[in-house]
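Derivation of every value follows stated rules applied to the coordinates shown; laboratory data play no part. Keep in mind that this is a model prediction, so the values were computed, not measured. Reconstructed Cβ throughout: ideal geometry from the backbone, glycine too, with neighbour counts over all protein chains shown.
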Amino acid sequence: MGHGLHYQRVLQALPYLLGGAGESVMLALMAFLMALVLGLGLAIARMESSSGLRPAASGFVIFFTNTPQLSQIFAMFYCLPMAGINLSPFVSVLLGMTLNASAYLSNILVAGIGQTPRIYHEAADTLGLNLRQKYMRIIVPHVLRIMYPALNNHFVIMLLGTSMASIFGVEELTGRAYYLASVTFRSFEVLSITAVLYVAMSFLASRLLMSLRRLV
Amino acid sequence: MTQPFTSYDVLLLWHAFLTTFYLSLCGGALAIAGGTGMGLICFSRARLFAPLRLVVGGGCTVVRRIPFIIVLYLVFYVSGMSGLDISAVTVSILAIGLIGSTYITEIVQGGLRAVGSDKIEVARTMNMGSAAILRHVILPQSLPLIVPPVLGYLVLFIKDTALASQIGVIELNQAGIILTNRGLPTFHVFFTILILYFVISFPLTVMIQKMEKKLVIS
Amino acid sequence: MSYLEFRNVQASYGTNPILLGVDLDIEKGEIVSLIGPSGSGKSTMLRVLIGLTPLSGGEIRLEGKPIDYATKAGLRAVRSRMAMVFQSFGLFDHLTVEQNLLLAPTVVGKKKRAPLLEEMHEVLRLTDMQGHDGKRPPQLSGGQKQRIAIARALMLHPEILLMDEPTSALDPIRIAAMSDLFGKLAAQGVTIIQVSHNMDVVRSLSDRIVLMHDGRIAATASPKRDQDDNAAIARFMAAEAHQA
């Protein structure tokens, strides 16, 4: 085979790659939503000194933001079966990404809670809302609004981050790209098309999320 | 706890630790250099740079949306196809530098732009030249906005170096896999690996937090 | 025994003492206006009363019983009898006017939304804000926000209404209308404690004027009974009116 670029065979396999892209979006979306819930719990535990969970929550965040996600998932991937827990690659990666992202999202949410005007707390307190009501009705909706761009940004980071699921055998976009490269021997062509797909995917995702902003 | 590692294993870990450190340092330095240069180009208003601004601006937005692992492979294959004989370590550093500089370009440009145009106009009326304005008006106000997030990205790049394992660089993550495959207790191996990453990353995180606190106070 | 009694009330902000021992008796249905230079502790009086700023000494008694600010239950009990209109309004920007007004009655009071709507429209009519219930606070002018803040407090049916500069953003006609409303509430037995810089409102509305200075009460006067009998208060009010 010559050194010229041959895109035809790769383009024929586009539906196969797009299926992988769907898997990537699915993985990112599920991990993001679960991480948002967990991250919220972490953020509140870190902000409300009365919780008693503060050191544990801070420790969790410091650990997960200072070590690579890849190694975290490897650790899980190797260690969980020893504890008798056998998860599929998809679920393992989903779990790993959720834990990792929850630490980062809690940082964003903590910043947002810190930026909530004190008058919101005071007004909510004088209106008689309890802690849970105050957070669910006032603080969290406000934080989700002001932190929407940062959360949107992190979702895109997660979407791109799903590519490392391929290392664990998940057939998302990058995983399918590897397979395609290995059977066509057209690594560069496959990779460049994959890169274009990721760019398009992340542009679409951030556009879509921005247009959904007014719903928050 | 029993010591599960032989001296050979410890040596492997030590070399892997140094490699991770080296990748982070060189990749980070390349990213800062590239990002600062491109950020300045994007910020400048010189007519001469207009086409370059377009290329750099567009390139950054696109490259930032390609996963690191794909960039890594692309650099790997492109260097192979073009006949350049460079090591996997160099490929990793180039890939980190490339992705990193696109993020830093954005921060540098944003930080420079955050200085109000009224202040720049005041400096112009005082007959200050472009270089003097940059040095005395823009940088003192924008550096505090630029440095902490840039360091924040460096922390992210340290963790991205783990992906270099995929092109055969024996850095910490790869060392973990090698030791695990050799039958060493998985939990001990990966616990050690994560701690070693933490040792590189955490001091930087603490430094950033201190800087940010200082900024809030001042 | 008075309805509400401040006994040697002290409070500080950080290490800065703000209230240095305040004694004040307030009767049910009374309208009390706190005046004084900024930093004299007027707003802090409202804040300690509703439990936003802790007491560092002394106590406050409601119907003869010391208010328990230390426990959640005590705090909930006292707040359920009061409402506060904040100087900066404290409206929630992500909620509509209707949601701002119904938040506490539905979430804290566990009432159904539908029966509350009629009451809400009545309160909006009283504050001349009818038809604005679907808007969000950022769409309102300062004066409109202030009237919504008052309306939100009224939805709580407080026994004691605390207001920090409740007419600061209003034009003279609205000020007259709101003063009228406050007067009617007091006649129904609502105790009103307000901080105000508007000396016309203070003079015409108050049963009692309390002049604060450096964390203490400097003087009190009852304008409805004896016209500005206190020289210090007369002087302060004349100076304020002159500034305005």
Next item on the list: Go over the candidates A:LEU173, A:LEU131, A:LEU127 one by one and state the one that is touching a helix residue (DSSP H, G or I) at 6+ places or on another chain (Cβ under 9 Å), in contact (Cβ under 8 Å) with a residue 60 or more places away in the chain and over 30 Å from A:GLY20 (Cβ atoms).
Entry: A:LEU131
Notebook entry, point to check: Of all residues in the range A:144-158 being out of contact with any Lys or Arg (no Cβ under 9 Å at 6 or more places or on another chain) and more than 10 Å from chain C (Cβ to nearest Cβ), which is surrounded by the fewest Cβ atoms within 10 Å (Cβ to Cβ)?
Noted result: A:ASN153
Checklist line | Candidates B:SER44, B:SER87, B:SER7, B:SER24, filtered to the one that is more than 23 Å from A:THR174 (Cα to Cα), touching a residue at least 24 places away in the same chain (Cβ under 8 Å) and hydroxyl-bearing (Ser, Thr, Tyr) | finding: B:SER24
Next item on the list: With the checklist (1) surrounded by 17 or more Cβ atoms within 10 Å (Cβ to Cβ); (2) free of Cβ contacts under 8 Å to residues at least 24 places away in the same chain in hand, flag the one item C:ILE173 doesn't pass.
Entry: (1)
Next item on the list: Could you check how many residues of the range A:159-170 are closer than 24 Å to B:GLN174 by Cβ, buried (at least 19 other Cβ atoms within 10 Å of the Cβ) and either at the interface with chain B (Cβ under 7 Å from one of its Cβ atoms) or touching a residue at least 24 places away in the same chain (Cβ under 8 Å) (or both)?
Entry: 8
Check: Can you name every residue in the range C:1-55 that is of a type in the set (Gly, Ala, Ser), within 16 Å of the chain's Cα centre (by Cα) and closer than 21 Å to C:ALA221 by Cα?
Finding: C:GLY29, C:SER33, C:GLY36, C:GLY41, C:SER43
Next item on the list: Taking only the range A:109-143 into account, find how many residues are at the interface with another protein chain (Cβ under 10 Å from one of its Cβ atoms) and part of a loop (DSSP other than H, G, I, E, B).
Entry: 5
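Yes or no, residue by residue, for (1) within 14 Å of chain A (Cβ to nearest Cβ); (2) in a loop (DSSP other than H, G, I, E, B); (3) without any contact (Cβ under 8 Å) to a residue 60 or more places away in the chain:
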| residue | (1), (2), (3) |
| --- | --- |
| C:ALA83 | yes, no, no |
| C:GLN99 | yes, no, yes |
| C:LYS110 | yes, yes, yes |
| C:PRO138 | yes, no, yes |
| C:ARG152 | yes, no, no |
Check: Scanning for something free of Cβ contacts under 8 Å to residues at least 40 places away in the same chain and not in a helix (DSSP H, G or I), does the range B:68-81 turn up at least one residue?
Finding: no
Next item on the list: For the range B:33-75, enumerate the residues that are within 11 Å of chain A (Cβ to nearest Cβ) and basic (Lys, Arg).
Entry: B:ARG64, B:ARG65
